[in-house]
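Chemist: What follows is a single structure, and I will ask about it in a moment.
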Amino acid sequence: MAMIFRVLGQLVLLTLEMTRCFFSHRPEMGAWIVQAYHLGVRSLTIATIPAVFTGMVLALQSSFALSSFGSELYVSDLVSVSIVRELGPVLTSLLVGGRVGSGIAAELGTMKVTQQLDAMRAMATNPVQKLVIPRVLSFTICLPALTIISSLMGILGGLALSAIELNLDGHYFLSHAIQALSVGDIISGVGKTFFFGFFIAIIACNNGMRVEGGADGVGHATTETAVTAAIMILISDFFLTKMFSVFGA
Amino acid sequence: MSFWELRGVTKSFGSKQVLHGIDLEVKRGETLVILGGSGTGKSVLLRMLIGLIQADGGQILFEGKDITALHERDYYPLRKRASYLFQGGALFDSMNVYQNLAYPLREHTRLTHDEILPIVRKSLARVELEKIEHLYPSDLSGGMMKRVALARAIINEPEIVLYDEPTTGLDPLTTQTINRLIRKLQDELNITSVVVTHDMSTTKHVADRLAFLEAGRLVFTGTLDQARNANHPMLGAYLQEAVFE
């Protein structure tokens, strides 16, 4: 229990320092763009391929269940709402979060053990401003974008399977998939990922910057980041879904 | 007037006390060598001078001002005047040599790339390197890495340079080169230097004054000549090594 409070305290302090640096220095757009490429663009494969197959599996499984009620035509509604509201955001965050979170923790951890973070401090610069802000903000923006893309790919996967296996018309599937979605579904699904992105990146930066020892410490921080980020995503998913539902989304 | 004055400085990590009541003065323009075996607290002491680690007890004064426990940001004016050469070089491995050297200039000046490039080349020339601006740290040998780190440390012509084990892990010839460079920079730029080492050849080449640490206690401070007459067994053993070299 004490450890949970200690970690939460560290995250709050890092967030406060990040906020202070964000408002007291001009933004380094170059670093943001580089991080957006590394954390966002390079995560496209891991975000989209599983999404396509998840959409296909979801369409297949739901067709089995719905066929017993003679309601296979509702596969498109079920696939689109499930993917946009829940599966797309959570699955993308878990997969991309694992890749990005462990990458950030390993990078900053290696910088810590090789004294590169101390070198930054010794040159009168702040590692939070130079390293944490570009990573956290870029990923907080990139994850929702990746979620939108992966959700679209998931729906297309469901469409492909429905067309091939269930002989549903593609146009029918798409029009029903779109009709089934409300603005609230999209806001709830995508809105959550801003929080997930922030949580993953800040946890990874915190773990990376607190690495002690050598390669062993880096490995430990990397594993811990992947585990903590996954737990954080799943726990916060519940509360965020509840929060968005309170606001009507 | 002295730059630093340390009064009864102590430091512990967990239950292990690393430094016991250190009293030390670093005078303007001198090269002070902090000598001692591994794990005696030399690097900890050096890091305390610019606030990378804070002391648990005692007082650290810089130009008469108490800097023992400042907020991180309040160390920045001191860190802009003092450069630190890290034991492993601590070059940023995501940046090439040019970007590494340009880093302090980009952060603290408004110089453009065209203005920075000749300064980078001049700094590399000072450490006897050229045409390596495009290389990454992973492309450099240990000796080259140390020299590039030294070039980065002196690029903004600091008043003070702190060297943490500048020759550890280097072959004797590269060690000689680094020693010669430290002395040359000393003479050319009139830098105040604090050198942490357990290497007697470095001590012999660069020291104006010597501070000897043993088990976290400062047991001797003085010139090399005074050290030879100090009658301290451990210090004597180190000096003996210097004779053989």
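The values are calculated or read from the model by the stated rules, or taken from the named source; none is laboratory data. This is a predicted model, so every value here is computed, not measured. FYI the Cβ positions are ideal-geometry reconstructions off the backbone, even for glycines, and counts take in every protein chain you see.
Chemist: In the stretch B:88-141, how many are in a helix (DSSP H, G or I) and not hydrophobic (A, V, I, L, M, F, W, C)?
Modeler: Quick first cut of the stretch B:88-141, residues in a helix (DSSP H, G or I) only: B:97-108, B:113-126, B:137-139.
Then drop every residue that is not not hydrophobic (A, V, I, L, M, F, W, C), which leaves B:98-100, B:103-104, B:106-108, B:113-115, B:118, B:121-123, B:126, B:137-139.
Matching residues across the stretch B:88-141 total 19.
Chemist: B:Lys122 passes all but one of (1) surrounded by 20 or more Cβ atoms within 10 Å (Cβ to Cβ); (2) away from every other protein chain (no Cβ under 14 Å); which number fails?
Modeler: If we test B:Lys122 against (1) surrounded by 20 or more Cβ atoms within 10 Å (Cβ to Cβ); (2) away from every other protein chain (no Cβ under 14 Å), just (1) comes out false.
Chemist: For A:Ser175, are the conditions met, namely being at pLDDT below 95 and buried (at least 21 other Cβ atoms within 10 Å of the Cβ)? Even if it seems obvious, please write down each step before you answer.
Modeler: On the way: at pLDDT below 95: yes; buried (at least 21 other Cβ atoms within 10 Å of the Cβ): no.
Taking the combined requirement at face value, the residue does not satisfy it.
Chemist: Okay, moving on. I need the full set of residues from the stretch B:19-47 which are among the polar types (S, T, N, Q) and closer than 18 Å to B:Gly222 by Cα, in order please.
Modeler: In the first step, residues of the stretch B:19-47 are kept if they are among the polar types (S, T, N, Q); the result is B:31, B:38, B:40, B:43.
Scanning the stretch B:19-47 gives a single hit, B:Thr31.
Chemist: Here is a follow-up. What about B:Pro77, is it in a helix (DSSP H, G or I) and over 20 Å from B:His134 (Cα atoms)?
Modeler: Numbers: in a helix (DSSP H, G or I): yes; over 20 Å from B:His134 (Cα atoms): yes.
The answer is yes for B:Pro77.
Chemist: Something else: So, of the residues in the stretch B:65-82 that are farther than 13 Å from B:Pro104 by Cα and hydrophobic (A, V, I, L, M, F, W, C), which turns out to be farthest from the other protein chains (Cβ to nearest Cβ)?
Modeler: Taking the stretch B:65-82 and keeping what is farther than 13 Å from B:Pro104 by Cα, we get B:65-75, B:77-78.
Now restrict to residues that are hydrophobic (A, V, I, L, M, F, W, C): B:67, B:69-70, B:78.
Values: B:Ile67: 14, B:Ala69: 16, B:Leu70: 13, B:Leu78: 8 Å.
Across the stretch B:65-82, the extreme among qualifying residues is B:Ala69.
Chemist: Please indicate, with yes or no, whether at least one residue in the stretch A:103-125 is basic (Lys, Arg), over 27 Å from A:Phe194 (Cβ atoms) and either part of a helix (DSSP H, G or I) or within 16 Å of the chain's Cα centre (by Cα) (or both). Write out each step before concluding.
Modeler: Step one: of the stretch A:103-125, the residues basic (Lys, Arg) are A:112, A:121.
Next, from what is left, pick out any that are over 27 Å from A:Phe194 (Cβ atoms): A:112, A:121.
Cutting the leftovers down to either part of a helix (DSSP H, G or I) or within 16 Å of the chain's Cα centre (by Cα) (or both) gives us A:112, A:121.
Yes: one or more hits.
Chemist: If you don't mind, another one. Restrict the check to the stretch B:40-61 and report whether at least one residue is part of a loop (DSSP other than H, G, I, E, B), surrounded by fewer than 21 Cβ atoms within 10 Å (Cβ to Cβ), away from chain A (no Cβ under 14 Å) and over 17 Å from the mean Cα position of the chain (by Cα).
Modeler: Checking the stretch B:40-61: at least one residue is part of a loop (DSSP other than H, G, I, E, B), surrounded by fewer than 21 Cβ atoms within 10 Å (Cβ to Cβ), away from chain A (no Cβ under 14 Å) and over 17 Å from the mean Cα position of the chain (by Cα).
Chemist: Please count how many residues of the stretch A:20-38 are among the small types (Gly, Ala, Ser) and under 16 Å from A:Gly103 (Cα atoms). Quick ask: steps written out before the conclusion?
Modeler: Step one: filter the stretch A:20-38 for residues among the small types (Gly, Ala, Ser), giving A:24, A:30-31, A:36.
Adding the requirement that they be under 16 Å from A:Gly103 (Cα atoms) leaves A:36.
The number of residues fulfilling the criteria is 1.
Chemist: OK, next. Restricting the search to the stretch B:1-11, which residues are surrounded by 14 or more Cβ atoms within 10 Å (Cβ to Cβ) and either under 22 Å from B:Gln186 (Cβ atoms) or not basic (Lys, Arg) (or both)?
Modeler: Looking only at the stretch B:1-11, we keep the residues that are surrounded by 14 or more Cβ atoms within 10 Å (Cβ to Cβ), and these are B:2-7, B:9-11.
Correct list: B:Ser2, B:Phe3, B:Trp4, B:Glu5, B:Leu6, B:Val9, B:Thr10.
Chemist: Could you please give the count of residues in the stretch B:19-30 that are surrounded by fewer than 22 Cβ atoms within 10 Å (Cβ to Cβ) and at negative phi? Show your work before the answer.
Modeler: The initial filter retains those residues of the stretch B:19-30 that are surrounded by fewer than 22 Cβ atoms within 10 Å (Cβ to Cβ), namely B:20-21, B:23-25, B:27-30.
Next, from what is left, pick out any that are at negative phi: B:20, B:23-25, B:27-28, B:30.
Count: 7.
Chemist: Looking only at the stretch B:83-119, count how many residues are away from chain A (no Cβ under 14 Å), closer than 21 Å to A:Val34 by Cβ and surrounded by fewer than 22 Cβ atoms within 10 Å (Cβ to Cβ).
Modeler: Taking the stretch B:83-119 as the starting set, the residues that turn out to be away from chain A (no Cβ under 14 Å) are B:96-98, B:111-112, B:114-119.
Restricting the remaining residues to those that are closer than 21 Å to A:Val34 by Cβ gives B:96-98, B:112, B:116.
This time we only want the ones that are surrounded by fewer than 22 Cβ atoms within 10 Å (Cβ to Cβ), so: B:96, B:98, B:112, B:116.
Counting residues in the stretch B:83-119 that are away from chain A (no Cβ under 14 Å), closer than 21 Å to A:Val34 by Cβ and surrounded by fewer than 22 Cβ atoms within 10 Å (Cβ to Cβ) gives 4.
Chemist: Hey, B:Val161 hits all of (1) buried (at least 17 other Cβ atoms within 10 Å of the Cβ); (2) without any contact (Cβ under 8 Å) to a residue 40 or more places away in the chain but one; which does it fall short on?
Modeler: The failed condition is (2).
Chemist: Same structure, new question: Restricting attention to the stretch A:102-143, and to residues there that are surrounded by 21 or more Cβ atoms within 10 Å (Cβ to Cβ) and closer than 12 Å to A:Gly40 by Cα, which single residue is farthest from the other protein chains (Cβ to nearest Cβ)?
Modeler: Among residues in the stretch A:102-143 that are surrounded by 21 or more Cβ atoms within 10 Å (Cβ to Cβ) and closer than 12 Å to A:Gly40 by Cα, the one farthest from the other protein chains (Cβ to nearest Cβ) is A:Leu143.
Chemist: Just to be sure, is B:Val196 within 21 Å of B:Leu45 (Cβ to Cβ), buried (at least 20 other Cβ atoms within 10 Å of the Cβ) and in contact with a helix residue (DSSP H, G or I) (Cβ under 6 Å, 6 or more places away or on another chain)?
Modeler: Details: within 21 Å of B:Leu45 (Cβ to Cβ): yes; buried (at least 20 other Cβ atoms within 10 Å of the Cβ): yes; in contact with a helix residue (DSSP H, G or I) (Cβ under 6 Å, 6 or more places away or on another chain): yes.
Spelling it out, B:Val196 is indeed within 21 Å of B:Leu45 (Cβ to Cβ), buried (at least 20 other Cβ atoms within 10 Å of the Cβ) and in contact with a helix residue (DSSP H, G or I) (Cβ under 6 Å, 6 or more places away or on another chain).
Chemist: In the stretch B:136-188, how many are more than 18 Å from B:Ala125 (Cα to Cα) and among the acidic types (Asp, Glu)?
Modeler: Number of matching residues: 5.
Chemist: I'm trying to understand the selection: among the residues of the stretch A:58-72, which are exposed (fewer than 15 other Cβ atoms within 10 Å of the Cβ) and in a helix (DSSP H, G or I)?
Modeler: Filtering the stretch A:58-72 down to residues exposed (fewer than 15 other Cβ atoms within 10 Å of the Cβ) leaves A:61, A:64-65, A:67-71.
Listed by number, the residues that qualify are A:Gln61, A:Phe64, A:Ala65, A:Ser67.
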